[in-house]
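Working notes, beginning with the structure itself.
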Amino acid sequence: EAQVTQNPRYLITVTGKKLTVTCSQNMNHEYMSWYRQDPGLGLRQIYYSMNVEVTDKGDVPEGYKVSRKEKRNFPLILESPSPNQTSLYFCASSSLPGAGTEAFFGQGTRLTVV
Amino acid sequence: AQTVTQSQPEMSVQEAETVTLSCTYDTSESDYYLFWYKQPPSRQMILVIRQEAYKQQNATENRFSVNFQKAAKSFSLKISDSQLGDAAMYFCAYRRGYTDKLIFGTGTRLQVFP
């Protein structure tokens with residue numbers, strides 16, 4: 001089954017404690033992205049990757065890191081989480097854009113930073 | 001910069017009736033794609049319908065159809081014969097051609113009453 005898998009689905013952590021949210025896709029997609037969803041703001045892109053070892057900033061990259069060492073995995077790293085990073089996070093993947101190819105989303109990770 | 005505006009934070013409809021959700025966007029690009037995503041309480045992002053900007057014909061998927069007015073930069077979603085399972089948050093999204101990045105509106109919460 002084609003899918004994007006995020007873990008964990010729920011996470012409560014304390015300010016400053018490093019954490020990683022994992023994302024894996026099984027569709028051999030080149031493109032992967034991270035979004036955060038906040039009430040009244042919709043989803044905003046944090047980082048994206050066009051292929052292995054190629055990553056770039058989205059609209060709200062401050063406080064986040066990513067890496068793309070393998071095509072299937074695209075972890076999101078918060079080195080020193082702060083309460084303003086409390087949000088719902090989505091990983092998404094798509095094949096080479098063109099003809100409006102669909103983005104597939106993971107199940108979401110609800111992160112709370114206290 | 002491209003923007004997407006959903007001016008209706010909430011809408012409601014009676015079961016079996018028709019409802020239209022509004023979306024406008026701003027872009028100077030000619031090659032782009034528009035999408036409607038559904039987000040039920042499970043938080044999963046589900047693609048409802050897509051529209052290629054170069055196509056004049058409005059997209060249709062079963063009970064879901066769009067009214068794409070390119071000159072007016074309007075992309076509304078019509079849901080016919082509404083069902084209880086249609087209750088969800090609906091996001092309009094824009095993607096410039098040959099890029100991965102989706103730009104989302106702020107969402108419209110749809111309630112369906114029996």
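Can you give me the three principal axis dimensions of the protein assembly as shown from its C-alpha atoms, in Å, biggest first?
Over the protein assembly as shown, Cα extents along the principal axes are 49, 38, 35 Å.
Given A:LYS17/A:LYS65; B:LYS38/B:LYS78; A:LYS57/B:LYS55; A:LYS17/A:LYS71; A:LYS18/B:LYS101; A:LYS57/B:LYS70, which pairs have Cα atoms separated by over 20 Å?
The answer is A:LYS57/B:LYS55; A:LYS17/A:LYS71; A:LYS18/B:LYS101; A:LYS57/B:LYS70.
Please report the accessible area of B:PHE113 (heavy atoms, 1.4 Å probe, ligands and nucleic acids excluded) in Å², nearest 10.
About 90 Å², ignoring ligands and nucleic acids.
Using amide H atoms built in the peptide plane, which far-off residues or other-chain residues are under 5 Å from B:ASP31 H to H?
Residues meeting the amide H criterion: B:GLY97.
What do you get for GluC sites (Glu not before Pro) in segment B:29-114 restricted to DSSP loop and a cutoff of at most 14 other Cβ within 10 Å of the site's Cβ?
Numbers: sites: B:GLU29, B:GLU52, B:GLU61; in loops: B:GLU29.
Those that pass, being in a loop and sparsely packed, are B:GLU29.
For segment B:24-108, would you read off the P(r) tail past 18 Å as a percentage of all alpha carbon pairs?
So the pairs more than 18 Å apart make up 40 percent of the total in segment B:24-108.
Radius of gyration and Dmax for segment A:1-75's Cα atoms, expressed in Å?
When restricted to Cα atoms, segment A:1-75 yields Rg and Dmax of 12.9, 37 Å.
Write out the trypsin sites (Lys or Arg not before Pro) in segment A:36-114 meeting two conditions: DSSP loop, and at most 13 other Cβ atoms within 10 Å of their Cβ. It would help to have the intermediate numbers written out before the result.
Working: sites: A:ARG36, A:ARG44, A:LYS57, A:LYS65, A:ARG68, A:LYS69, A:LYS71, A:ARG72, A:ARG110; in loops: A:ARG68, A:LYS69, A:LYS71, A:ARG72.
Those satisfying the criteria are A:LYS69.
The values are calculated or read from the model by the stated rules, or taken from the named source; none is laboratory data. Please read these numbers as outputs of a predicted model, since none were measured by experiment. All Cβ positions, even for glycine, are placed from backbone atoms using ideal geometry, and neighbour counts span all protein chains on display. Each accessible area value is taken on the protein alone, full model and side chains, heavy atoms only, with ligands, DNA and RNA left out. Shrake-Rupley method; radii C 1.70, N 1.55, O 1.52, S 1.80 Å.
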